[in-house]
Amino acid sequence: MTGREQHVWSAAFTRSMGKVREAARQADKTVLELRALNPDDTAFSGPEHDAARNCGGLTYGEFRAWYLVALKIAKHGFVTAAEINDAAYRQAFETYRRGSADFY
């Protein structure tokens, strides 16, 4: 969570007059809405970059099995298996492979 997101979350949480659990849910929803607006114009780099930094040496099979789940988590569930074709997997793996060399 960025600094901006932390401030927005705490403001939304304190603004809520409901119970603590509901206030937290509302604050989480507010932060997700902020992320959708992308106020800092940050580009989504994809989980392949995180894997390159933290887990070099994956085979294509290992990467492919992991990638869809990681992408769903990174995009908050807004991706389906049908949206990712073989070319997208191969491109992401190539990005991962090249990025891994940067952190070797």
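Read the figures in this text as sums done on the coordinates, not as results from a lab. Just so we're clear, the structure is a prediction, and the values are computed from it rather than from any experiment. Virtual Cβ from ideal backbone geometry, glycine too; neighbours counted across all protein chains shown.
Computed values, structure above
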read-out: Anchor Lys19: aspartates and glutamates whose Cα lies under 18 Å away (excluding residues fewer than 8 positions away in-chain); value: Asp28
read-out: Unit charges on C-beta of K, R, D, E only; dipole of region 47-102, Debye; value: 40 debye
read-out: Percent RCO, i.e. relative contact order, over the chain, from Cα pairs under 8 Å lying at least 6 residues apart; value: 27 percent
read-out: Normalised contact order of region 47-102, rounded percent, pairs of Cα under 8 Å and 6 or more residues apart; value: 61 percent
read-out: Under the Karplus curve 6.51 cos²θ - 1.76 cosθ + 1.60, θ = phi - 60°, whole-Hz ³J(HN,Hα) for region 7-21, x wherever Gly or Pro sits; value: 5, 5, 4, 5, 5, 5, 5, 6, 6, 5, 9, x, 6, 4, 4
read-out: Globularity ratio of region 20-104, using Cα Rg and 2.2 N^0.38 Å; value: 1.30
